[in-house]
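Visitor: Encoded as structure tokens, here's the structure I'll be asking about.
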Amino acid sequence: MTRRTLAVVSAGLGQPSSTRLLADQLAAAARDELVGRGADVELRPVDLREHAHDVVNHLLTGFAPTALRRTLDAVAAADGLIAVTPIFNASYNGLFKSFFDVVDRDALAGTPVLVGATGGTARHSLALEHAVRPMFAYLRAVVLPTAVFAAPEDWAGDDGDSALRARIRRAGAELAEQVDRRPATSGPADPFALTTDFAALLAGHDPT
Ligand SMILES: Cc1cc2nc3c(=O)[nH]c(=O)nc-3n(C[C@H](O)[C@H](O)[C@H](O)COP(=O)(O)O)c2cc1C
């Protein structure tokens, strides 16, 4: 059985957070679809509010404190990414942008990314298309066609079979399909991994 990991990033600030809720529902939809395809799925939830201070410190110093480093490595090593932001002033919020500003430059190249957003008004749903999608395109991620926006009225009408649920299922299936057609990731590069072939050294081969 192939093991797949999905990083599930939420930039929600509220507690409880509708952004976290949307991220979790997208993750469950993608997981169910991948399990149906015979995969063993690990979800790695990331709440950016827990890393907010570390993200700013990283921006100021260029170094990631340990907890943030682990999270950045987990995101880079995932087979797929779900990234959900609350809309602030008609765009992603500052925490979401700052986090992806410190993600290693090539970390998301080729990674399937499902994007979502929550907002106070459905009138701002296109922020996903004019702000979030271009940012991940710049990072050379493979952004899925269905982006999921949830406004307050979407939650109010959610009886398990709503239009929002249908979008979540469609988006989850798209992510699962993209993850399924790729080889499983091998995890982050180990900077201490042995690169020397000792058998060759003993045989007198000079690796330099
Ligand atoms: C500073 C600020 C700016 C906001 N700007 C917008 C906005 O431009 N458009 C919108 O639809 N909602 C806006 N909202 C509402 C949030 O997007 C909405 O409440 C979101 O779902 C909160 O997510 P959370 O529950 O995960 O914290 C704003 C909220 C705050 C605090």
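Visitor: In whole Å, what three semi-axes, largest first, describe the equivalent ellipsoid of the stretch 3-202 built from its Cα gyration tensor (square root of 5 times each eigenvalue)?
Guide: Equivalent-ellipsoid dimensions as semi-axes: 30, 21, 14 Å.
Visitor: Rounded to the nearest 500, what is the chain's calculated 222 nm mean residue ellipticity when only DSSP H runs of at least 4 contribute -39500 (n - 2.57) each, over all residues?
Guide: Details: 8 runs with 84 residues, N = 208.
Counting only the DSSP helices, I get -12000 deg cm²/dmol.
Visitor: Can you list residues whose amide H is under 5 Å from residue 41's amide H, if they're 5+ apart or on another chain and H is modeled 1.01 Å from N?
Guide: So residue 41 has HN proximity to 4.
Visitor: Each residue of the stretch 6-13 in order: what ³J(HN,Hα) in whole Hz does its phi give by Karplus 6.51 cos²θ - 1.76 cosθ + 1.60, θ = phi - 60°, with x for Gly and Pro?
Guide: Whole-Hz 3J(HN,Hα) from phi for the stretch 6-13: 10, 7, 10, 9, 10, 9, x, 9.
Visitor: What does the highest-first list of 118-130, 152-164 look like by mean Cβ count within 10 Å?
Guide: Numbers: 118-130: 16.0, 152-164: 12.5.
Ranking, from highest mean packing down: 118-130, 152-164.
Visitor: Through the Karplus equation 6.51 cos²θ - 1.76 cosθ + 1.60, θ set to phi - 60°, convert the phi angles of the stretch 115-131 into ³J(HN,Hα) values in whole Hz; use x for Gly and Pro.
Guide: After applying 6.51 cos²θ - 1.76 cosθ + 1.60, I find 9, x, 8, 10, x, x, 9, 5, 4, 9, 5, 6, 4, 4, 8, 9, 10 Hz.
Visitor: Highest mean first, what order results for 165-177, 49-61 on Cβ atoms within 10 Å? Let's see the in-between values first.
Guide: Details: 165-177: 19.6, 49-61: 15.5.
So the peptides 165-177, 49-61, ranked by packing, come out 165-177, 49-61.
Visitor: Among 15, 25, 178, which one moves the most in a GNM of the chain with springs linking Cα atoms closer than 10 Å?
Guide: 15
Visitor: Shifting gears a bit: Between residue 46 and residues 5 or more places away or on another chain, which pairs have amide H atoms under 5 Å apart, with H built 1.01 Å from N, and which residues are they?
Guide: Under 5 Å from the amide H of residue 46: 8, 9, 10.
Visitor: Between the alpha-carbon centers of the stretch 72-102 and the stretch 37-57, tell me the distance in whole angstrom.
Guide: The two parts, judged by their Cα centres, are 10 Å apart.
Visitor: For residue 150, list long-range residues whose amide hydrogen, built 1.01 Å from N in the peptide plane, is under 5 Å from its own amide hydrogen.
Guide: Residues meeting the criterion, in which the H sits 1.01 Å from N, are 117, 118, 119.
Visitor: Indicate the helices, whole DSSP H runs only, in the chain that combine a mean Kyte-Doolittle hydropathy of -0.5 or more with a Cα extent along their long axis of 24 angstrom or more.
Guide: Those that pass (Cα extent of 24 Å or more, hydropathy at least -0.5) are 18-36, 163-180.
Visitor: Roughly how many debye, to the nearest 20, is the charge dipole of the chain about its Cα centre, given +1 on each Lys and Arg Cβ, -1 on each Asp and Glu Cβ, and no other charges?
Guide: 320 debye
Each reported figure results from applying straightforward, stated rules to the coordinates on display, with no laboratory input. The model shown is predicted, which means the values in this text are computed figures rather than measured ones. Positions of Cβ are backbone-derived with ideal geometry, glycine not excepted, and every protein chain shown enters the neighbour counts.
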